[in-house]
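K.L.:
Provided herewith is a single structure, encoded as structure tokens, for subsequent inquiry.
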């Protein structure tokens, strides 16, 4: 199962931000799309759903989506337990904090910082932040995440510059 992972797209009605063309190339190959919050409007979720099923969580800028999106989500994709939350909190203590919050998750997807992360924690979880495809802030380049999940295993986890 190929998952395209997004976060922090911030594509509101008054924003000029748009997904780069390279993102659409990846979306066309997606089996599922994960969005870790700061979507801003449902319009983007509707667009993404035209490519593959979408799972999204509420970000701190998703004021219009309160009540429509959960603040956190746990699901199984290709037999892999995945948890999603927008803000994982401070870097210090993140591994243990997320392991306590999502003890059954093999992968924890998060956003908020706009800084990509793809690291195996000492707790045995893949901590995965795709960065942002539309607003890199302090990151080197706009990015998205790609996960290859199969038969209960994470086959690959990649942050892709777009």
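The values are calculated or read from the model by the stated rules, or taken from the named source; none is laboratory data. Please read all numbers here as calculations on a predicted model, not as lab measurements. Don't worry about glycine lacking a Cβ; one is built from the backbone with ideal geometry, like all the others, and counts go over all protein chains shown.
K.L.:
If we scan the range 104-124, do we find a residue that is within 28 Å of residue 162 (Cα to Cα), touching a residue at least 24 places away in the same chain (Cβ under 8 Å) and assigned to a helix (DSSP H, G or I)?
P.N.:
The answer is no; no qualifying residue exists.
K.L.:
Picking from 14, 18, which residue would you name as being within 20 Å of residue 159 (Cα to Cα), surrounded by fewer than 20 Cβ atoms within 10 Å (Cβ to Cβ) and either at pLDDT below 95 or touching a strand residue (DSSP E or B) at 6+ places or on another chain (Cβ under 7 Å) (or both)?
P.N.:
18
K.L.:
If you don't mind, another one. Anything in the range 135-160 that is assigned to a loop (DSSP other than H, G, I, E, B) and at pLDDT 95 or above? List them, or say none.
P.N.:
Residues satisfying the conditions are 142, 151, 152.
K.L.:
Can you name every residue in the range 65-94 that is exposed (fewer than 14 other Cβ atoms within 10 Å of the Cβ) and within 30 Å of residue 14 (Cβ to Cβ)?
P.N.:
Within the range 65-94, 66, 67, 68, 70, 89 meet the criteria.
K.L.:
Can you spot a residue in the range 117-125 that is buried (at least 23 other Cβ atoms within 10 Å of the Cβ) and either out of contact with any helix residue (DSSP H, G or I) (no Cβ under 7 Å at 6 or more places or on another chain) or modelled with pLDDT of 95 or more (or both)?
P.N.:
Checking the range 117-125: not a single residue is buried (at least 23 other Cβ atoms within 10 Å of the Cβ) and either out of contact with any helix residue (DSSP H, G or I) (no Cβ under 7 Å at 6 or more places or on another chain) or modelled with pLDDT of 95 or more (or both).
K.L.:
Residue by residue through the range 97-116, note down the ones that are under 17 Å from residue 144 (Cα atoms) and surrounded by 20 or more Cβ atoms within 10 Å (Cβ to Cβ).
P.N.:
107, 108, 109, 110, 111, 112, 114, 116
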